[in-house]
2 protein chains.
Amino acid sequence: MVKRTSFEGDSCPIARSLEAIGDWWSLLIIREALFGLRRFGEFQGKLGMAKNILATRLRALVDHGILKIAPASDGSAYSEYVLTPKGRGVFTVLVALRQWSEEFDDHPEEIATILVDRDKGRPVRKLELRAEDGRLLSVGETTLKARPAARARRRAG
Amino acid sequence: MVKRTSFEGDSCPIARSLEAIGDWWSLLIIREALFGLRRFGEFQGKLGMAKNILATRLRALVDHGILKIAPASDGSAYSEYVLTPKGRGVFTVLVALRQWSEEFDDHPEEIATILVDRDKGRPVRKLELRAEDGRLLSVGETTLKARPAARARRRAG
DNA sequence: CAATCAGGTTTCATTATGCAACCACTGGAG
DNA sequence: CTCCAGTGGTTGCATAATGAAACCTGATTG
C-alpha cells in the first residue's frame, strides 16, 4: 500500500486537524464559506478550481462535519453547503494563517485585504496565546503534557 | 500545464500562507522543529516519513525562509535545520489547529497531549480574536477591507 | 417541450507521494 | 590509512491525487 499517509488515528491533535483541513483547497473553501458563499457554482467561480476537485472536497468536508448540505434558501430545488459550528471554528486557524502572512510575507504589499472589526472598521489585534492567569506566552514558555488519562470507561476508578 | 495550482501571486494572505506551509508534512516538520528537533535523521525517525519527501520539504522550507541550515551544534561536520523567526511565527497557526481539534474532534479521547504553560503546568487559554479596543470578536463581527494602498517607499511622509 | 443552466461525473494526462534501493561523505576502530 | 557503520541524502519505479475538458443529468426558463 503506497497510500498518501493518513493521520486519522494519530494522537497528535495537529495531525488530526490536518487530516480534515490540511489540504490546499479545503481551507480556501472554508474561507469562502465564512465569507458567505454557499453554492457549488459560487465556490467554483470564486476559487477557479476544477469541478471534480471541488466536488471531492465538498464531500470530504461534509463527511468531516465541517459543512452540511442544506436544502434551499432561495426556493430552488438545488442545495447549498453551509458551515457547521465545527466549520466556523476554523476561523481562528484562518486568522492565524492570515496574520502569519501579514507579519512574515516577503511581499506584504501584494496582500490586498485586512481583517477589521466590523463596528469600528479598525484592524483586529494579533492572536495571542495566554496562560490561565493571563500571562502572554511564547513558544518557549509552553510545553506538552500527557493528557490526564481522562479516566475513561472507569476501571477501578 | 496541469500543475498543482500555485497561489504565489495571489492577493489573499491565506492563500499565500498555504503556498508556504499548506501541505501535510510542512506543518508537522515545523511542529517538531519547535519541539527542538534539528537533524535530518531526527525528523525522519520521529515523523516516519520517506526520506525523499523529507528532503524535498526541508529544501522548500529553507527556500521559504522558514528553516535555515546551521553548520554544527555538536561539533560534527553535519548540518542542522533550525527555525528562523518566520518559522517560529508558525506557532500560532499550530496552536490554532490544536485547539480546533481539541474542541471539535469526534474522538477527543484519542488526543494524547495538552499544551500547558511551562511555569505553572496549567493548560493555556484558547486563542481569542480581539478588536483594537479589546472586545472579543466572532466571525460575524469582522469583515475584510481593502488594504489602504500603503503609499509605499515614503512619498511625502 | 426545446434550450439552457446548475451541479456534478468520467476520462485521461500530468504531478506528487511513498517505498526501497543505492550512493557519498563522516567519524570512529583498529 | 583502511574498513565499516551511521548520517544524509538521491534515484527509480509504482501508485495515488490533481487538473482540464468533455460529458451527463435533473431543474429552470421560455
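The values are calculated or read from the model by the stated rules, or taken from the named source; none is laboratory data. Keep in mind it's a predicted model, so treat the numbers as computed, not measured. In this analysis, Cβ positions are derived from the backbone assuming ideal geometry, glycine residues included, and neighbour counts consider all displayed protein chains. Calculation scope for accessible area: heavy atoms of the full protein, side chains included, ligands and nucleic acids excluded. Shrake-Rupley method; radii C 1.70, N 1.55, O 1.52, S 1.80 Å.
Residues that are open to solvent by 90 Å² or more (accessible area, probe 1.4 Å), touching an Asp or Glu at 6+ places or on another chain (Cβ under 6 Å), at the interface with chain A (Cβ under 9 Å from one of its Cβ atoms) and not in a strand (DSSP E or B) do not occur anywhere in the stretch B:128-141. Consider the stretch A:55-92 and keep the residues that are away from every other protein chain (no Cβ under 14 Å) and among the polar types (S, T, N, Q). The one that is farthest from DNA strand C (Cβ to nearest atom) is A:S73. Out of everything in the stretch B:74-86 that is under 16 Å from B:A33 (Cα atoms) and near DNA strand D (Cβ under 10 Å from one of its atoms), what residue ends up being nearest to the chain's Cα centre (by Cα)? So, considering only residues that are under 16 Å from B:A33 (Cα atoms) and near DNA strand D (Cβ under 10 Å from one of its atoms), the one nearest to the chain's Cα centre (by Cα) is B:Y81. Restricting the search to helices (runs of 4 or more DSSP H) fully inside the stretch B:9-125 and requiring at least 3 residues that are under 28 Å from B:K145 (Cα atoms) and open to solvent by 40 Å² or more (accessible area, probe 1.4 Å) gives an empty result.
For every residue, the table says whether it meets (1) more than 12 Å from DNA strand D (Cβ to nearest atom); (2) more than 10 Å from every other protein chain (Cβ to nearest Cβ).
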residue	(1), (2)
A:F7	yes, no
A:C12	yes, no
A:W24	no, no
A:R38	yes, yes
A:G41	no, yes
